[in-house]
Amino acid sequence: METWSEITASVVFFGVLALIATERMHLTVAAFLGAMLLIFLHVLTLDQAIGYIGNSHATLALFFGVMVMVRAFEPTKIFEYLATQMVIMARGEGKRLLLGIVAITTPVCAMLPNATTVMLLAPLIPPMAAELNINFVPLLILMVFVANSAGLLTLVGDPATFIVGDAINMSFLEYLTKLSLGGVVAIATIVAVLPILFSSTWNKKLADLDHLPHPVVNHPRMLALGGLIVGLVLVLFVVGESLPVPISPAAIALLGAALCLLLTHHSGIDTVHNILRDVDWSTLIFFMSVFVLIGGLQETGVISSASGLLGVVIGQNIALGAMLLLFVTGILSSLIPNIPLVVAMVPLLKEYLVNVDLAGPELLSPDFAGQIPPEILPLFAAMMFGATLGGNGTLVGASSNIVAAGIAEQHGKPISFRQFLSYGLPIMALQLITISAYVGIRFLL
């Protein structure tokens, strides 16, 4: 029965990926149907499926809260205004605009989750592209690449990085001194290929800036009050979990959404019905369905079995193990969202290290509060880098990718799996190669 469940969970999961990759079915419909198949084929019960969704409630709440906040500001025309200012600052040159996207996204993503950053900044992209008369989809894809890569700059920049760091008791400062240079390498790789991968935008130049549209900001009083709400939310995102009474990012986002709904309703510039109607429910349902699909793989032991093969191959060779973990985790992360992937792989890596006598048995304790032997740090670093950068490979590889796809669809230009792959595959391959060189030079030579 277990074998039947494993086969079924695997076939359904990869069948959903195939439907999305071949674009034979909308990604939300494919994932939703796949999740329902697992329930009706008794791989998971409905209670178990809801449990897996519940385990990821923080991600869903965070996305919903930020979506509501962004939508609440649409009547003010602030996104159109800021987009015009960015085009003017870039002097109408495509290469300055691309570099500007990198420069703006990088510092924000070093402190905020990458999907949150995309939700906050992506609404600027379509109006900017319209003013330059270019396709906004490549610009959105670039923002996603930068957001995912910049998550490696700090311990809190990407959920996968934080999960691995927390498992080995790595401090924020320790990460900065030992691993953050990997994020710099990842960003530098993107900048180096901008003229090649985004050549049409790089060479674009708008000769007449005087005839750009000059949108006027509406409802300045509401915008000022809303700005205070957003400022509060951003501050709490950074310091909320370190307060005497910790506040999670999900709760902060929901608080911001509630305050924005209150402000919008009482100002009369829009209705609560309109705002909630325009929330990207398709993206939220896709994520819920993916959590169920991943739950099926976890419940049947597919992920554990696949990850356990690494231990057989690695032996005690740290250098080989680091390189294998980097590339295998990177490839897996392009197909499986990195959060459940690292949650499954961290305990398996710990168990392997204890079994081959590279770490003491105390590493397996849930209350482990010590420091890992420095010689095994490359293995955990490789897992962090691979899980984060692998998300750049395909449309379903990271949550920020799906968020960007939802925003593009709302503006009338869906991002196809193949289109994202044409950018994502070379970026992922180059980043995994450059980061492997960094890991080799930094830790193994």
Assigned to a helix (DSSP H, G or I) and touching a Lys or Arg at 6+ places or on another chain (Cβ under 9 Å): which single residue out of Leu120, Leu124, Leu173, Leu97 fits that description?
Leu97
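Just need a number here: residues in the range 416-436 that are aliphatic (A, V, I, L, M), open to solvent by less than 50 Å² (accessible area, probe 1.4 Å) and more than 16 Å from the chain's Cα centre (by Cα).
Keep residues of the range 416-436 that are aliphatic (A, V, I, L, M), which gives 421, 425, 427-430, 432-433, 435.
Still in the running and open to solvent by less than 50 Å² (accessible area, probe 1.4 Å): 427-429, 432, 435.
Then drop every residue that is not more than 16 Å from the chain's Cα centre (by Cα), which leaves 429, 432, 435.
Residues flagged as aliphatic (A, V, I, L, M), open to solvent by less than 50 Å² (accessible area, probe 1.4 Å) and more than 16 Å from the chain's Cα centre (by Cα) within the range 416-436 amount to 3.
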When restricted to Ile104, Ile163, the only residue touching a helix residue (DSSP H, G or I) at 6+ places or on another chain (Cβ under 6 Å), at pLDDT below 85 and surrounded by fewer than 21 Cβ atoms within 10 Å (Cβ to Cβ) is Ile163
Determine which single condition Ile441 fails, assuming it passes every other condition in (1) within 30 Å of Ala122 (Cα to Cα); (2) modelled with pLDDT of 90 or more; (3) open to solvent by 20 Å² or more (accessible area, probe 1.4 Å).
(1)
So Ile168 clears everything in (1) open to solvent by 10 Å² or more (accessible area, probe 1.4 Å); (2) over 24 Å from Asn401 (Cβ atoms); (3) touching a helix residue (DSSP H, G or I) at 6+ places or on another chain (Cβ under 8 Å) except one condition, right? Which one?
(1)
Working only within the range 267-281, note down all residues that are touching a residue at least 40 places away in the same chain (Cβ under 8 Å), under 23 Å from the mean Cα position of the chain (by Cα) and surrounded by fewer than 18 Cβ atoms within 10 Å (Cβ to Cβ).
Asp278, Val279
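Inspect the range 376-385 for any residue being open to solvent by less than 10 Å² (accessible area, probe 1.4 Å) and of a type in the set (Val, Ile, Thr) and give the result as yes or no.
yes
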Please tell me if Ala18 is surrounded by fewer than 21 Cβ atoms within 10 Å (Cβ to Cβ), closer than 29 Å to Glu409 by Cα, in contact with a Lys or Arg (Cβ under 9 Å, 6 or more places away or on another chain) and small (Gly, Ala, Ser).
yes
If Val191 passes every condition in (1) without any contact (Cβ under 8 Å) to a residue 40 or more places away in the chain; (2) among the β-branched types (Val, Ile, Thr); (3) more than 20 Å from Leu326 (Cα to Cα) but one, which one does it miss?
(1)
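The values are calculated or read from the model by the stated rules, or taken from the named source; none is laboratory data. Note that this is a predicted model, so its numbers are computed, not measured. Cβ coordinates were reconstructed from backbone atoms using ideal geometry, including for glycine residues, and neighbour counts include every protein chain displayed. Accessible surface areas use protein heavy atoms only, side chains included; no ligands, DNA or RNA. Shrake-Rupley method; radii C 1.70, N 1.55, O 1.52, S 1.80 Å.
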